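A.B. asks: Input: one structure, supplied below.
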Amino acid sequence: MTLDDEAIRTRIDGLLAEMTPEEKAGQLTQFFFFTLPPEAEDNPALGLEVAAQPRAVEAALARGGVGSLLFVTDPAQINRLQRAAVEGSRHGIPALFGFDVVHGLRTVLPVPIAMAASWDPALIEAGQAVAAAEARAVGIHWAFAPMVDIARDPRWGRIVEGAGEDPFLGSAVAAAQVRGFQGERIGAPGRIVAGPKHFAGYGYALGGRDYDEVSLGDADLWNVVLPPFKAAIDAGAGTVMTAYMALNGIPATGNRWLLTDVLREALGFDGFTVSDANATRNLTTHGFAPDLRSAASRALDAGLDMEMAITDPAFDHLPAALEAGEIDETQLDTAVRRVLEVKLRLGLFDDPYVDEDRARVVLADPAHREVAREAARRAAVLLRNEGGLLPLDAADLGSVAVLGPLADSARDTIGPWVFDFELAETVTVLDGIRDRLGDAVRVDSARGIPVGRRTFPSMFDMFGGNAPEDPEGFEPEAEFTRAIRLATDADVAVVVLGEWQNMIGEAASRSSLDLPGRQLELLQAVVATGTPTVLVVMNGRPLDLRWAAAHVPAVLDVWYPGSQGGAAVADLLFGDAVPGGKLPFTWPRSVGQVPIVYSNLTSHEPENLGRRYWDEASTPLFPFGHGLSYARFSYADLAVDTDTVALDGVVTVTATVRNESNHDGDEVVQLYLHQRTGTASRPVRELKGFERVMVAAGEERRVSFRVGPDERRYWNAGVRGYVLDPSVFDVWVGTDSTAPLGTTFTVTP
Ligand code: GLC
């Protein structure tokens, strides 16, 4: 049943009139509720009183001291805790259950950077709709996703959670995810509230070091970082999560200019904000607030509505802050109103519990597995295919060697930011190849090298199964020799390399982009056998593939492809599917080039743009938007429907893409724009349109794009506002950000 605005307002007014300041503060408090394996309690990575935490939370629930919980995914547990909130507290206000449903719950989709690499908003929406259906079925109401942080420094591990470097692609992905999670409205059946994060600028961490401060100029803030948040908000996102770090010296979670002037007034957000984990109490760590009461009142005053707390919330001090006059009742009521509105729109007051039997059915839905497999197919990026080694023809093969430490690792195949998975259901690359080839072809496998290890434990190790292990009795040298022998004897070698999934994600920054451990040595030894070699990359950030790009004929990036990933990889390797993904970031040659983007300014001496360093090219290994196919596409007949338009005019750009091969295939047609002159220097190219189209073998498609004021408007740091400049504009259409087919049009004052 959906309530109308008037009924919602009346219901909330009635509750606010009855609630004490302590109960109001309780509605603004979200607690973790950890259900951990017994051995976790003495895990050094914890540093939390996790053993005591659940009992403290249950006591708080009974006194109306909990507005929301996170990290509970079991429907019976959710119902038990919800009963404590609804039947145990004075007003019976249901709790909101949130979780990091980042790329699926039980059915694990490819990681978000992979979904972005599909350049397919409809697929992304369908994927998050599956995630929402499974989450809602177990009693989760709210996803701390999409993560929309633009990332231009791949040393930062959380690049895996976002959509890469570009605001135009990032905005399309953000909106598609919100639509997938929420459907038509908050409270739609089988959907959950979308919570874009981390507001704002988190991906610009100094040195790529997660949690470090961010210094961000206006042009990048307004033209790069904020557009994906704006897209998520315009798509109806119900919440926004504040970032951990300080933005230009002011911690985001206590930054009134950011959370009120920018988020609410400039971007028009009208949902509720939640801090990241302990980010409210950490205003004291930042040296911003002298104590927890001050942290609480300054965060609330800045525009924070809900605190995500592990233990000892700062918001426990809100009643004292009210008493001391540091905040007023209106501020408190405004925040509580925003939270209660979401709960009412979700229908939680009328229907707070979840059907535990139905949950099991939804989690086992085979249709969800098919969405995950299709997503993994469409996310893969074919980086290289010299001599057309791919697709492999199973009929020509007598034996295949599947090698590498990630070839048969279920935990790595599903990637980071998953907790409720069933590893037994995960299809690894080795599983997928074996299933595809059956008994007709011999398939041998070897890890070849030991597990790569992080230099410090991951904060996620406490959830068990997160840190990879070598099998019992693993003998590195013998295993390496065995792998090379298998490669020598095989008709083709498929080597699966990359980063272990606990080497990327939160608190997983790296100072290098090398393939960890002896992976490169293994690859070089396999190639040296002379056996045709396919490199399958399992990753979330660009890795140093200079050697592979020069010596391995076929390189397929499959990311962390999710619970059906291995089946999809086999589909692609043997031609049952054709790769069509494109890179959502610029792929550097080495970490020394970082940060490197395609949308740089012309700046000074552009003619030596390719040689800014004397010791390394300053062009990337692979450009933004790069991705090959088994088909072969050409572009022609680029045209604009008018040569000249006024400032508010629209130009329609059309081009023909032709499939010159005998393979049907998808191509992501991309449009790039460059403003030649104006009141600011503008990027040499900016993505301003894309469309993934299927072009049958030998056929062609005409693709068109609208280029209007929305595509040309930008935030100008000189006038500190949005401007439209008259100028000659270059426009290119093609297969990646280096597309050569271009024309121009003119915008007059
Ligand atoms: C983490 C992350 C955030 C996540 C939250 C809850 O520290 O920064 O993205 O949603 O805590 O797990």
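The values are calculated or read from the model by the stated rules, or taken from the named source; none is laboratory data. Computed from a predicted structure; not experimentally measured. All Cβ positions, glycine included, derive from the backbone under ideal geometry; neighbour counts span all protein chains shown. For accessibility, only protein heavy atoms count, side chains too; no ligands or nucleic acids. Shrake-Rupley method; radii C 1.70, N 1.55, O 1.52, S 1.80 Å.
A.B. asks: Sort out which residues of the stretch 409-449 are touching a strand residue (DSSP E or B) at 6+ places or on another chain (Cβ under 6 Å) and closer than 19 Å to residue 480 by Cβ, and write them in order of number.
C.D. replies: 430, 444, 445, 446, 448 - these are the residues of the stretch 409-449 that are touching a strand residue (DSSP E or B) at 6+ places or on another chain (Cβ under 6 Å) and closer than 19 Å to residue 480 by Cβ.
A.B. asks: Scan the stretch 490-498 and give yes if some residue there is touching a Phe, Trp or Tyr at 6+ places or on another chain (Cβ under 9 Å), farther than 15 Å from residue 402 by Cα and either of a type in the set (Val, Ile, Thr) or open to solvent by less than 40 Å² (accessible area, probe 1.4 Å) (or both), otherwise no. Steps first, answer last, please.
C.D. replies: First, the residues of the stretch 490-498 that are touching a Phe, Trp or Tyr at 6+ places or on another chain (Cβ under 9 Å): 498.
Within this subset, residues satisfying the condition of being farther than 15 Å from residue 402 by Cα are none.
There is no residue in the stretch 490-498 that is touching a Phe, Trp or Tyr at 6+ places or on another chain (Cβ under 9 Å), farther than 15 Å from residue 402 by Cα and either of a type in the set (Val, Ile, Thr) or open to solvent by less than 40 Å² (accessible area, probe 1.4 Å) (or both).
A.B. asks: In the set 736, 725, 710, 730, which member is in a helix (DSSP H, G or I), modelled with pLDDT of 95 or more and acidic (Asp, Glu)? First the steps, then the outcome.
C.D. replies: Values: 736 fails: in a helix (DSSP H, G or I); 725 fails: in a helix (DSSP H, G or I); 730 fails: in a helix (DSSP H, G or I).
The conditions single out 710.
A.B. asks: What are the pairs with Cβ atoms under 7 angstrom where one residue, in the stretch 194-214, is at positive phi and assigned to a loop (DSSP other than H, G, I, E, B) and the other, located anywhere, is open to solvent by 10 Å² or more (accessible area, probe 1.4 Å) and more than 9 Å from the ligand (Cβ to nearest atom)? Sequence gap at least six, or different chains.
C.D. replies: 201/216
A.B. asks: Here's a follow-up. Looking only at the stretch 251-269, decide whether some residue is closer than 29 Å to residue 719 by Cβ, within 16 Å of the ligand (Cβ to nearest atom), open to solvent by less than 10 Å² (accessible area, probe 1.4 Å) and not polar (S, T, N, Q).
C.D. replies: Looking for residues that are closer than 29 Å to residue 719 by Cβ, within 16 Å of the ligand (Cβ to nearest atom), open to solvent by less than 10 Å² (accessible area, probe 1.4 Å) and not polar (S, T, N, Q), one finds at least one in the stretch 251-269, hence yes.
A.B. asks: Moving to a separate point now. Would you mind stating whether residue 173 is of a type in the set (Val, Ile, Thr) and within 16 Å of the ligand (Cβ to nearest atom)? Reasoning before the result, please.
C.D. replies: Numbers: of a type in the set (Val, Ile, Thr): yes; within 16 Å of the ligand (Cβ to nearest atom): no.
Taking the combined requirement at face value, the residue does not satisfy it.
A.B. asks: Assuming residue 676 fulfils every condition listed in (1) of a type in the set (Lys, Arg); (2) over 27 Å from the mean Cα position of the chain (by Cα); (3) closer than 21 Å to residue 120 by Cα apart from one, which condition is it?
C.D. replies: Residue 676 satisfies every listed condition except (3).
A.B. asks: Considering only residues of the stretch 452-473 that are of a type in the set (Phe, Trp, Tyr) and open to solvent by 40 Å² or more (accessible area, probe 1.4 Å), which is nearest to the ligand (Cβ to nearest atom)?
C.D. replies: Kept after step one, since they are of a type in the set (Phe, Trp, Tyr), are these residues of the stretch 452-473: 456, 460, 463.
Filter again for open to solvent by 40 Å² or more (accessible area, probe 1.4 Å), leaving 456, 463.
On the way: 456: 16, 463: 11 Å.
Filtering the stretch 452-473 for residues that are of a type in the set (Phe, Trp, Tyr) and open to solvent by 40 Å² or more (accessible area, probe 1.4 Å), the one nearest to the ligand (Cβ to nearest atom) comes out as 463.
A.B. asks: Collect the residues in the stretch 88-101 that are out of contact with any strand residue (DSSP E or B) (no Cβ under 7 Å at 6 or more places or on another chain) and within 16 Å of the ligand (Cβ to nearest atom), keeping them in residue-number order.
C.D. replies: Within the stretch 88-101, 100 is the sole residue that qualifies.
A.B. asks: Give the stretch 387-441 a look and list any residue that's assigned to a helix (DSSP H, G or I), within 19 Å of residue 501 (Cα to Cα) and free of Cβ contacts under 8 Å to residues at least 40 places away in the same chain, or say none.
C.D. replies: Initial filter on the stretch 387-441 (assigned to a helix (DSSP H, G or I)): 387-388, 394-396, 410-414, 423-425, 429-437.
Now restrict to residues that are within 19 Å of residue 501 (Cα to Cα): 410-414, 423-425, 429-431.
Result: 410, 424.
A.B. asks: Residues in the stretch 102-131 that are within 16 Å of the ligand (Cβ to nearest atom) and either without any contact (Cβ under 8 Å) to a residue 12 or more places away in the chain or at negative phi (or both): how many?
C.D. replies: Applying the first criterion (within 16 Å of the ligand (Cβ to nearest atom)) to the stretch 102-131 yields 102-105, 111-113, 128, 131.
Filter again for either without any contact (Cβ under 8 Å) to a residue 12 or more places away in the chain or at negative phi (or both), leaving 102-103, 105, 111-113, 128, 131.
The number of residues fulfilling the criteria is 8.
A.B. asks: Can I ask one more? For the stretch 209-217, state whether one or more residues are of a type in the set (Gly, Ala, Ser), open to solvent by 40 Å² or more (accessible area, probe 1.4 Å), more than 16 Å from the ligand (Cβ to nearest atom) and modelled with pLDDT of 95 or more.
C.D. replies: Filtering the stretch 209-217 for residues of a type in the set (Gly, Ala, Ser) gives 215, 217.
Filter again for open to solvent by 40 Å² or more (accessible area, probe 1.4 Å), leaving 215, 217.
Filter again for more than 16 Å from the ligand (Cβ to nearest atom), leaving 215, 217.
Okay, now just the ones that are also modelled with pLDDT of 95 or more, so 215, 217.
Yes, that holds for at least one residue.
Quick grid of which residues meet (1) under 30 Å from residue 212 (Cβ atoms); (2) β-branched (Val, Ile, Thr); (3) in a loop (DSSP other than H, G, I, E, B):
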site	(1), (2), (3)
507	yes, no, yes
526	no, yes, no
541	yes, no, yes
568	no, no, no
577	no, no, yes
580	no, no, yes
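A.B. asks: Step by step: first the residues of the stretch 218-243, then only those that are within 14 Å of the ligand (Cβ to nearest atom) and not small (Gly, Ala, Ser), then the one that is farthest from residue 182 (Cα to Cα). Which residue is that?
C.D. replies: 242
A.B. asks: A further question follows. Residue 199 versus (1) open to solvent by 40 Å² or more (accessible area, probe 1.4 Å); (2) within 25 Å of residue 714 (Cα to Cα): which is the lone unmet condition?
C.D. replies: (1)
A.B. asks: Is there a residue in the stretch 215-223 that is farther than 17 Å from residue 158 by Cβ and hydroxyl-bearing (Ser, Thr, Tyr)? Talk me through it step by step, then tell me what you get.
C.D. replies: Kept after step one, since they are farther than 17 Å from residue 158 by Cβ, are these residues of the stretch 215-223: 215, 217-223.
Still in the running and hydroxyl-bearing (Ser, Thr, Tyr): 215.
Yes; the residues of the stretch 215-223 include at least one that is farther than 17 Å from residue 158 by Cβ and hydroxyl-bearing (Ser, Thr, Tyr).
A.B. asks: A further question on this structure: Could you run through the stretch 276-299 and say how many residues are among the hydrophobic types (A, V, I, L, M, F, W, C), open to solvent by 10 Å² or more (accessible area, probe 1.4 Å) and within 16 Å of residue 242 (Cα to Cα)?
C.D. replies: Taking the stretch 276-299 and keeping what is among the hydrophobic types (A, V, I, L, M, F, W, C), we get 277, 279, 283, 288-289, 292, 295-296, 299.
Going one step further and asking which of them are open to solvent by 10 Å² or more (accessible area, probe 1.4 Å), we end up with 277, 288, 292.
From the residues that got through so far, the ones that are within 16 Å of residue 242 (Cα to Cα) too are 277, 288.
Counting residues in the stretch 276-299 that are among the hydrophobic types (A, V, I, L, M, F, W, C), open to solvent by 10 Å² or more (accessible area, probe 1.4 Å) and within 16 Å of residue 242 (Cα to Cα) gives 2.
A.B. asks: Name the one entry in 83, 158, 106 that is surrounded by fewer than 23 Cβ atoms within 10 Å (Cβ to Cβ) and basic (Lys, Arg). Step through it out loud before you land on a result.
C.D. replies: Numbers: 158 fails: surrounded by fewer than 23 Cβ atoms within 10 Å (Cβ to Cβ); 106 fails: surrounded by fewer than 23 Cβ atoms within 10 Å (Cβ to Cβ).
Being surrounded by fewer than 23 Cβ atoms within 10 Å (Cβ to Cβ) and basic (Lys, Arg) holds for just one of 83, 158, 106, which is 83.
A.B. asks: Are there any pairs, at least 6 apart or on different chains, whose C-beta atoms fall under 6 Å, with the first in the stretch 560-575 and under 26 Å from residue 502 (Cα atoms) and the second of a type in the set (Asp, Glu), and if so, which?
C.D. replies: Filtered contacts from the stretch 560-575: 563/425; 566/431.
A.B. asks: Counting just the residues of the stretch 474-489 that are surrounded by 14 or more Cβ atoms within 10 Å (Cβ to Cβ) and among the aliphatic types (A, V, I, L, M), which one comes out nearest to residue 447 (Cα to Cα)?
C.D. replies: Restricting to residues being surrounded by 14 or more Cβ atoms within 10 Å (Cβ to Cβ) and among the aliphatic types (A, V, I, L, M), the top hit is 483.
A.B. asks: Regarding residue 188, is this residue touching a helix residue (DSSP H, G or I) at 6+ places or on another chain (Cβ under 6 Å) and either hydrophobic (A, V, I, L, M, F, W, C) or within 16 Å of the ligand (Cβ to nearest atom) (or both)?
C.D. replies: Details: touching a helix residue (DSSP H, G or I) at 6+ places or on another chain (Cβ under 6 Å): no; either hydrophobic (A, V, I, L, M, F, W, C) or within 16 Å of the ligand (Cβ to nearest atom) (or both): yes.
For residue 188, the condition - touching a helix residue (DSSP H, G or I) at 6+ places or on another chain (Cβ under 6 Å) and either hydrophobic (A, V, I, L, M, F, W, C) or within 16 Å of the ligand (Cβ to nearest atom) (or both) - is not met.
A.B. asks: Tell me, please, whether a residue that is hydroxyl-bearing (Ser, Thr, Tyr), open to solvent by 10 Å² or more (accessible area, probe 1.4 Å) and within 16 Å of the ligand (Cβ to nearest atom) can be found in the stretch 509-523.
C.D. replies: Among the residues of the stretch 509-523, at least one is hydroxyl-bearing (Ser, Thr, Tyr), open to solvent by 10 Å² or more (accessible area, probe 1.4 Å) and within 16 Å of the ligand (Cβ to nearest atom), which makes the answer yes.
A.B. asks: Further question on the same structure: Could we say that residue 533 is hydroxyl-bearing (Ser, Thr, Tyr), touching a residue at least 24 places away in the same chain (Cβ under 8 Å) and open to solvent by 20 Å² or more (accessible area, probe 1.4 Å) here? Give the derivation first.
C.D. replies: On the way: hydroxyl-bearing (Ser, Thr, Tyr): yes; touching a residue at least 24 places away in the same chain (Cβ under 8 Å): yes; open to solvent by 20 Å² or more (accessible area, probe 1.4 Å): no.
So residue 533 fails the test.
A.B. asks: Does residue 206 qualify as being over 19 Å from the mean Cα position of the chain (by Cα), farther than 20 Å from residue 271 by Cα, open to solvent by less than 50 Å² (accessible area, probe 1.4 Å) and away from the ligand (no atom under 14 Å from the Cβ)?
C.D. replies: On the way: over 19 Å from the mean Cα position of the chain (by Cα): yes; farther than 20 Å from residue 271 by Cα: yes; open to solvent by less than 50 Å² (accessible area, probe 1.4 Å): no; away from the ligand (no atom under 14 Å from the Cβ): yes.
When the stated conditions are applied, residue 206 does not pass them.
A.B. asks: Could we say that residue 246 is within 16 Å of the ligand (Cβ to nearest atom), more than 26 Å from residue 345 (Cα to Cα) and of a type in the set (A, V, I, L, M) here?
C.D. replies: Working: within 16 Å of the ligand (Cβ to nearest atom): yes; more than 26 Å from residue 345 (Cα to Cα): yes; of a type in the set (A, V, I, L, M): yes.
Answer is yes for this residue.
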